[in-house]
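Colleague: I am attaching a structure below and will ask some questions about it afterwards.
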Amino acid sequence: MIIGAILARKGTEVVSVGPDETVHAVARILTQRGIGAALVRDAEGRILGIISERDIVRGIAERGQETCLLPAERLMTRDLITVTPRTLVTEALAMVTRHRVRHLPVLEEERLAGLVSIGDLVKARIEEAEYEAEALKAYVTSAG
């Protein structure tokens with residue numbers, strides 16, 4: 001299975017925040033949307049980074065409650081690990097494990113095509129394994 005198949009099911013909407021949004025505002029957006037990360041984009045839509053719950057928790061641990069007043073760009077991760085719609089789910093799972101990230105922006109050349117989380121990847125892999133098991137069962141049953 002490829003990342004494009006995940007996006008075809010879940011959609012391509014990506015929640016973004018501006019670099020000057022406060023961490024408190026970002027935390028509110030993440031909570032309201034039930035998501036773990038948002039892309040940080042400038043006024044022209046260029047991706048500057050990603051800010052996640054993990055970044056916010058780390059900021060609070062290091063700086064205390066003043067973290068809530070910081071702009072998102074102070075906590076965001078700037079070096080993004082990205083995939084394309086043609087990336088295999090198994091390859092993407094290896095990337096999140098190797099780089100210890102939970103979200104992968106999906107880029108089609110330079111254009112943002114979506115965002116997948118580790119949860120999306122695991123769900124897709126489980127569905128793929130279940131399909132393979134059912135196909136194997138059907139094959140064995142028909143051959144016997």
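We did not get these values from a lab; they are worked out from the coordinates using the rules stated. This structure is a prediction, so every number in the text was calculated from the model and none was measured. We place every Cβ from the backbone using ideal geometry, glycine too, and count neighbours over all the protein chains shown.
Colleague: Roughly how many debye, to the nearest 20, is the charge dipole of the chain about its Cα centre, given +1 on each Lys and Arg Cβ, -1 on each Asp and Glu Cβ, and no other charges?
Modeller: Details: 19 positive and 21 negative charges, 56 e Å.
The dipole of the chain has a size of about 280 debye.
Colleague: Got a sec? How would D20, D55 order by Cβ neighbour count within 10 Å, fewest to most?
Modeller: On the way: D20 11, D55 20.
Listing D20, D55 from fewest to most nearby Cβ atoms yields D20, D55.
Colleague: Could you give me D for region 14-91, from Stokes-Einstein at 4 °C and 1.567 mPa s, where the hydrodynamic radius is the Kirkwood radius over C-alpha pairs? Units µm² s⁻¹, please.
Modeller: On the way: Rh = 13.0 Å.
Estimated diffusion coefficient is 100 µm²/s.
Colleague: With springs connecting C-alpha atoms under 10 Å apart, model the chain as a Gaussian network and identify which of L104, L69, L30 has the largest mean-square fluctuation.
Modeller: L69
Colleague: Just grab the label-to-label distance for T22 and R54, each label 7 Å out from Cα along the Cβ direction, in nm (one decimal).
Modeller: About 2.7 nm, to one decimal.
Colleague: A follow-up question, please. In square nanometres, what is one fourth of the surface area of the convex hull spanned by the alpha carbons of the chain?
Modeller: On the way: hull surface 40.7 nm².
Averaged projected area of the chain's Cα convex hull equals 10.2 nm².
Colleague: Explain nothing, just compute: Karplus ³J(HN,Hα) = 6.51 cos²θ - 1.76 cosθ + 1.60, θ = phi - 60°, for every residue of region 127-142 in order, whole Hz, x for Gly and Pro.
Modeller: 4, 5, 5, 5, 4, 4, 5, 5, 5, 5, 4, 4, 5, 5, 5, 6
Colleague: Right, here's the next one. Out of residues 5 or more away from V40 or on other chains, whose amide H comes under 5 Å of its own, with H placed 1.01 Å from N in the peptide plane?
Modeller: The list, which skips near neighbours in sequence, is V17, L48, G49, I50, I51.
Colleague: Further question: Could you tell me how far the Cα centroid of region 129-144 sits from the Cα centroid of region 83-124, in Å?
Modeller: 29
Colleague: Convert each backbone phi in region 111-121 into a coupling constant with the Karplus relation 6.51 cos²θ - 1.76 cosθ + 1.60 (shift: θ = phi - 60°), then list the ³J(HN,Hα) values in order as whole Hz, x for Gly and Pro.
Modeller: In residue order, the calculated couplings are 8, 6, 10, x, 8, 10, 9, 4, x, 4, 5 Hz.
Colleague: Which residue, A124, G64, T84, has the largest displacement toward the positive end of the dipole of region 3-143 when charges sit on each Cβ (Lys, Arg +1; Asp, Glu -1)?
Modeller: Going by the charge dipole, the pick is G64.
Colleague: In the Gaussian network model of the chain, springs joining C-alpha atoms below 10 Å, which of R54, R102, R28 carries the largest mean-square fluctuation?
Modeller: R28
Colleague: Continuing with the same structure: Relative contact order for the chain: what is it in percent, counting Cα pairs under 8 Å that are at least 6 residues apart?
Modeller: Answer for the chain is 26 percent.
Colleague: If you don't mind, there's one more thing I want to ask. Tell me, what ³J(HN,Hα) does each residue in region 33-39 have, in order and in whole Hz, if you take phi through Karplus 6.51 cos²θ - 1.76 cosθ + 1.60 with θ = phi - 60° and put x for Gly and Pro?
Modeller: Using θ = phi - 60°, the values come out as 8, x, 10, x, 7, 9, 6 Hz.
Colleague: Next question. Amide H neighbours of A113 under 5 Å, at least 5 residues apart or on other chains, H built in the peptide plane: list them.
Modeller: V106, L107, E108
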